[in-house]
Amino acid sequence: MRPVSVLRAALLDWYDAHGRSLTWRAPPGSPRPDPYKVWLSEVMLQQTTTAHAAPYFEAFTARWPTVADLAAAEDGDVMAAWAGLGYYARARNLLACARAVANDHGGVFPDTEAGLLALPGVGAYTAAAVAAIAFGRPANVVDGNVERVMARLFAVETPLPAAKPELKRLAATLVADDRPGDWPQALMDLGATVCRPGAPLCGACPLTVWCAGYASGQPGRWPLKAKKADRPHRTGIAWVLRDEEGRVALVRRPDKGLLGGMTGLPTSDWSVSQADAAPPVAADWREAGAIEHVFTHFSLTLTVRTATGAGDFLWTDPDAALAALPTVFRKALERGLA
DNA sequence: GAGTCGTGGAG
DNA sequence: TCTCCAAGACT
């Protein structure tokens with residue numbers, strides 16, 4: 001028996017005993033999982049924790065049980081249902097992908113990695129994951145977990161992100177034909193729960209006999225990482241305008257860019273220095289404090305001003321607005337309503 | 001290749 | 001409080 005097959009068997013045995021039961025996984029012993037649900041869960045899980053994505057997955061599959069249902073949905077309904085999950089380009093691409101499957105593929109997902117890769121919002125990771133998990137095709141599924149496991153297993157001295165190609169090549173050496181759907185999930189589960197960021201739990205790991213990082217005595221040293229740039233700070237103003245019936249004035253943001261395609265509050269530009277920008281309509285504006293929010297590449301202080309008035313807006317009841325807004329605007333609206 | 005693109009939990 | 005970063009994709 002060759003070492004790679006022994007390593008694989010050790011990890012798959014561990015997975016059978018300790019793998020996480022996640023709601024979107026097909027129950028053990030059941031036939032192949034629904035490609036629609038596999039794809040939906042993988043998109044939701046991009047850069048997102050399982051705990052955060054899980055309720056969204058349940059809501060989406062209850063409301064849109066098939067890819068045809070999702071393809072037929074209204075854009076605004078899908079964007080509102082995604083509100084709070086972040087990376088809103090995923091929601092736009094999700095709809096585009098569902099409609100491509102419905103219109104160009106007869107309602108059936110492509111069953112090859114290359115076919116999947118051509119779909120909107122489906123990159124190298126997601127194409128490989130769906131091909132393996134939904135269609136049983138051996139694929140090199142590499143996410144942040146797998147990169148970390150490879151970096152430790154092989155003591156890779158190149159820092160991320162430059163190490164990505166090398167880590168992917170190393171992961172490819174472990175791909176084989178048996179249990180193709182379970183293999184990536186076993187690797188990712190190990191990375192999430194045992195070979196985790198920070199201090200790994202090597203006492204619970206089935207791979208220590210192969211692991212160069214473990215042998216070094218300092219497995220937490222990997223993966224090496226390049227220093228990140230500092231996060232700049234920006235400021236702006238958010239206006240909470242309400243009509244005589246108490247409804248809130250919202251605007252639809254442009255499709256591209258930050259929070260693209262989502263509804264939002266009217267705001268000033270978010271500049272480096274606080275600008276005393278002109279409000280969307282003339283009114284008796286009053287200060288209502290400020291909120292802080294942190295995005296991936298900048299942090300933001302948003303001053304909130306409130307008034308009563310009228311104008312050409314999307315007038316929305318406060319409860320509906322809070323449910324449909326991305327978090328930064330939900331915070332600002334809550335401040336304005338308080 | 002480097003920047004853009006959210007959010008919230010963990011340490 | 002602050003840093004990290006999660007089943008990444010796109011330009």
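Those residues that are more than 16 Å from DNA strand B (Cβ to nearest atom) and β-branched (Val, Ile, Thr), I need them from the range A:105-161; list them, please.
Within the range A:105-161, A:VAL108, A:THR112, A:VAL130, A:ILE133, A:VAL141, A:VAL146, A:VAL149 qualify.
Residues of the range A:319-338 being closer than 19 Å to A:ALA307 by Cα, surrounded by 16 or more Cβ atoms within 10 Å (Cβ to Cβ) and among the small types (Gly, Ala, Ser), which ones?
As a first pass, look at the range A:319-338 and keep what is closer than 19 Å to A:ALA307 by Cα: A:319, A:321-322, A:329-338.
Now narrow it down to the ones that are surrounded by 16 or more Cβ atoms within 10 Å (Cβ to Cβ): A:321-322, A:329-333, A:335-337.
Once the filter is applied, which keeps residues that are closer than 19 Å to A:ALA307 by Cα, surrounded by 16 or more Cβ atoms within 10 Å (Cβ to Cβ) and among the small types (Gly, Ala, Ser), the range A:319-338 yields A:ALA321, A:ALA332, A:GLY336.
Scan (1) open to solvent by less than 60 Å² (accessible area, probe 1.4 Å); (2) within 18 Å of A:SER41 (Cα to Cα); (3) within 13 Å of DNA strand C (Cβ to nearest atom) for the single condition A:PHE135 breaks and write down its number.
(3)
For A:TRP39, are the conditions met, namely being closer than 13 Å to A:VAL130 by Cβ, of a type in the set (A, V, I, L, M, F, W, C), surrounded by 13 or more Cβ atoms within 10 Å (Cβ to Cβ) and at pLDDT 90 or above?
Working: closer than 13 Å to A:VAL130 by Cβ: yes; of a type in the set (A, V, I, L, M, F, W, C): yes; surrounded by 13 or more Cβ atoms within 10 Å (Cβ to Cβ): yes; at pLDDT 90 or above: yes.
For A:TRP39, the condition - closer than 13 Å to A:VAL130 by Cβ, of a type in the set (A, V, I, L, M, F, W, C), surrounded by 13 or more Cβ atoms within 10 Å (Cβ to Cβ) and at pLDDT 90 or above - is met.
In the range A:146-227, which helices (runs of 4 or more DSSP H) lie fully inside it and hold 3 or more residues that are open to solvent by less than 50 Å² (accessible area, probe 1.4 Å)?
Numbers: elements: A:164-172, A:182-193, A:212-216.
Output list reads A:164-172, A:182-193.
I'd like to check something: does the range A:289-301 contain any residue that is of a type in the set (Gly, Ala, Ser) and either in contact with a helix residue (DSSP H, G or I) (Cβ under 6 Å, 6 or more places away or on another chain) or over 30 Å from A:ASN93 (Cα atoms) (or both)? Break it down stepwise before answering.
Restricting attention to the range A:289-301, the residues satisfying the condition of being of a type in the set (Gly, Ala, Ser) are A:289-290, A:299.
Filter again for either in contact with a helix residue (DSSP H, G or I) (Cβ under 6 Å, 6 or more places away or on another chain) or over 30 Å from A:ASN93 (Cα atoms) (or both), leaving A:289-290.
Among the residues of the range A:289-301, at least one is of a type in the set (Gly, Ala, Ser) and either in contact with a helix residue (DSSP H, G or I) (Cβ under 6 Å, 6 or more places away or on another chain) or over 30 Å from A:ASN93 (Cα atoms) (or both), which makes the answer yes.
Take the conditions closer than 23 Å to A:GLU166 by Cα, buried (at least 17 other Cβ atoms within 10 Å of the Cβ) and without any contact (Cβ under 8 Å) to a residue 60 or more places away in the chain and apply them to A:ALA127. Does it pass? Walk me through it before giving the result.
Details: closer than 23 Å to A:GLU166 by Cα: yes; buried (at least 17 other Cβ atoms within 10 Å of the Cβ): yes; without any contact (Cβ under 8 Å) to a residue 60 or more places away in the chain: yes.
In short, yes.
For the range A:60-104, which positions are in a helix (DSSP H, G or I), within 15 Å of DNA strand B (Cβ to nearest atom) and either modelled with pLDDT under 95 or among the hydrophobic types (A, V, I, L, M, F, W, C) (or both)?
Initial filter on the range A:60-104 (in a helix (DSSP H, G or I)): A:60-63, A:67-71, A:75-82, A:89-104.
Retained after the next criterion (residues that are within 15 Å of DNA strand B (Cβ to nearest atom)): A:78-82, A:89-95.
Result: A:VAL78, A:MET79, A:ALA80, A:ALA81, A:TRP82, A:ALA89, A:ALA91, A:LEU94, A:LEU95.
What number goes with the only condition from (1) within 16 Å of DNA strand B (Cβ to nearest atom); (2) touching a strand residue (DSSP E or B) at 6+ places or on another chain (Cβ under 8 Å) that A:PRO200 does not pass?
Evaluating A:PRO200 over (1) within 16 Å of DNA strand B (Cβ to nearest atom); (2) touching a strand residue (DSSP E or B) at 6+ places or on another chain (Cβ under 8 Å) leaves (2) as the failure.
Determine whether the range A:260-273 contains at least one residue that is open to solvent by less than 50 Å² (accessible area, probe 1.4 Å), under 16 Å from A:TYR88 (Cβ atoms) and touching an Asp or Glu at 6+ places or on another chain (Cβ under 9 Å).
yes
Looking at A:ALA127, A:ALA83, which one is outside the structural domain of A:THR327 (by TED's automatic domain parsing), away from DNA strand C (no atom under 15 Å from the Cβ) and of a type outside the set (Phe, Trp, Tyr)? Lay out the reasoning, then the answer.
Working: A:ALA127 fails: away from DNA strand C (no atom under 15 Å from the Cβ).
Of A:ALA127, A:ALA83, the one residue that is outside the structural domain of A:THR327 (by TED's automatic domain parsing), away from DNA strand C (no atom under 15 Å from the Cβ) and of a type outside the set (Phe, Trp, Tyr) is A:ALA83.
The values are calculated or read from the model by the stated rules, or taken from the named source; none is laboratory data. Predicted model, so just to flag it, every value in this text is computed and none were measured. All Cβ positions, glycine included, derive from the backbone under ideal geometry; neighbour counts span all protein chains shown. Only protein heavy atoms, including side chains, enter the accessible area calculation; ligands, DNA and RNA are left aside. Shrake-Rupley method; radii C 1.70, N 1.55, O 1.52, S 1.80 Å.
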